[in-house]
1. According to the square roots a ≥ b ≥ c of the eigenvalues of the Cα gyration tensor, what is the shape class of the stretch 95-154, taking rounded for a/c under 1.5, prolate for a/b larger than b/c otherwise, and oblate for the remainder?
2. At 1.4 Å probe size, with every protein chain present, just tell me what the per residue accessible area of the chain comes to in Å².
3. To the nearest 20 debye, what is the magnitude of the charge dipole of the stretch 229-362 about its Cα centre, counting +1 on the Cβ of each Lys and Arg and -1 on the Cβ of each Asp and Glu?
4. Pull out a ≥ b ≥ c, the square roots of the eigenvalues of the alpha-carbon gyration tensor of the stretch 36-94, then state rounded if a/c is under 1.5, prolate if not and a/b is larger than b/c, and oblate in the remaining case.
5. Of K9/K325; K9/K261; K187/K330; K67/K251; K187/K385; K251/K508, which sit over 24 Å apart, Cα to Cα?
6. Once label points are set 7 Å from the Cα along Cα→Cβ at both T515 and T87, what is their separation, rounded to one decimal in nm?
7. On C-alpha positions alone, give me the angle between the axis of helix 263-287 and the longest principal axis of the chain, in degrees, nearest 10.
8. So, by mean Cβ neighbours within 10 angstrom, what's the order for 278-291, 409-422 with the highest one leading?
Amino acid sequence: MENLSYQRKATIMFAISTAMFFSSINQTIVGVALPRIIAKLGGMNYYTWVITIYLLTSTISTILVGKLSDIYGRKPFILSGIVIFMTGAFFSGTSQDIIHLIIYRGIQGTGAGIIMATAFTAIGDLFSPRERGRWIGVISAVFGISSILGPGFGGYIVDHMDWHWVFWMFLPFGFLAFFMILLLFPKTNRRKSESIDYPGSLFIVLTIVPMLLAFSWAGTKYPWDSSLILELFAFAIVSLALFIFVETRVKTPLLPLSLFKNSVVSLSYAIGFMMHAGMFGALMYMPFYVQGVKGISATYAGYVTMPMSIGMFALNAYSGRRMTKTGKYKKMALIGMFTMVTGMLLMVVMNNIPMAAISMLIFGCGLGLGMPVFMIAVQNAVDSKDLGVATASVQLFRNIGGTIGIAVLGTVLSTSMGTKIKALGGRLNLAGLEPAAIKKISQLKNPQILLDHPKLSAIQNSLPESLHPVFTQLIEALRGAMAASLANVFLSILIVLILAFFLTFFLKELPLRTTVHKSNSVNNIASKKESVP
């Protein structure tokens, strides 16, 4: 595919970008609209499963398809990914209850994982590492655009249209991307010398599923030391050990362990893991600060997190073009990581909304600068035959980093809040009050109440005027406790990002090749050396 005309390559990239936009904007729209959809369908107890099943199926399909696309080519998988995602989206809009929605979201997640794995790998098939920077920046910018537009579209659809259109509105983009790729994307021959690693596929699934479930449920549905969580972790560890054993013995491993011997690859995986832990932590817990501590409504809270998407969008494109121009990436990675650390440091000490928005903008700029770097560094460092699995593994470690990050940070928040609420309860003197008033005020011991502004107003209005000063005092104390607890959360993220920043110093900078195939590049260099007198 390296020999295709630039015009045809650009047209194929437009089709791939359309597919990525279709997948990503669907996810950002659903994130905003989901509470209203659940309210229509019922089944609030299964709310988290709508999110968890998407995460599970997308993560599994990403790593499985990575190696399969190396064997069979990218085209059949990106086409099937689009079809699967469209099928899941269409049927999600027909859901009659929460169980249907969970099943169809699982189908959507499978398609999204396939699209994600093959789209970034296809860039490696079409362009040399030197050229990929520009195009990976474009693809990454698609995510920024969708994260900016998605929440607004989602809110508008559920407010002014039937909720089914949340899933159906952008289906035409799927059809457009499918037919463009079908007609323009070249078909490659199967590598007959390579076979499918069925045992490895089984054990990687048996590792990922219990591990992600354990981290998703620990500290929320079940305590970290509960028997179910410990059993899930134990099962995941045993499956991982069996997976490693199998991968050292099969002819064509699903995830070649030799990849981890490459310092560029292993460091990029580790840094990507930590970057996404920080990114998801910022996205998840900044709304707690805006809504819970500052009392801003959920409608306007999105405007505080939006600067992160804008920063990512702007700097992704710049980062890609810069790497294409210079052929180097390490300085960009260091600047990006340092900028992320700076943004997170501001989150630790922020005390007002403008400062929160500025910190998100700076953090997003760091993400925009650094995120494309590690994908290109991995693709530049591996052989062409491992391009698909290496690229998919970048996505795998990013997904796992985000999941583990949210779980651990949730525990940090709940532990810190628990300690501060206990101290607050000890100072709370309700003696002499009527039982009904005590019951109402006692609801304030639950920090989640700070995020439910209508309920807060209802409690205050139901209290006698004489208790309003007590109510106000308790709310301010509770907000202070949440602010201090969130500072601990952001401090934890800061420590992780500082570690990632220092690891970046050890990232070896290999000049970005100007050819698609690594072997050709190596041969050219060798021949040049031999010709020197």
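The values are calculated or read from the model by the stated rules, or taken from the named source; none is laboratory data. Values in this document were obtained by computation on a predicted structure and should not be read as measured data. All Cβ positions, glycine included, derive from the backbone under ideal geometry; neighbour counts span all protein chains shown. These area figures cover heavy atoms from the full protein model, side chains too; ligands, DNA and RNA do not enter into them. Shrake-Rupley method; radii C 1.70, N 1.55, O 1.52, S 1.80 Å.
1. Here the stretch 95-154 falls in the oblate category.
2. Ligands and nucleic acids excluded, the result is 43 Å² per residue.
3. That gives the stretch 229-362 a dipole magnitude of about 700 debye.
4. Cα axes put the stretch 36-94 in the oblate bin.
5. As for pairs spanning more than 24 Å Cα to Cα, those are K9/K261; K187/K330; K251/K508.
6. Computed distance between label sites T515 and T87 equals 4.1 nm.
7. The angle comes out at about 30 degrees.
8. The densest-packed peptide leads the list: 278-291, 409-422.
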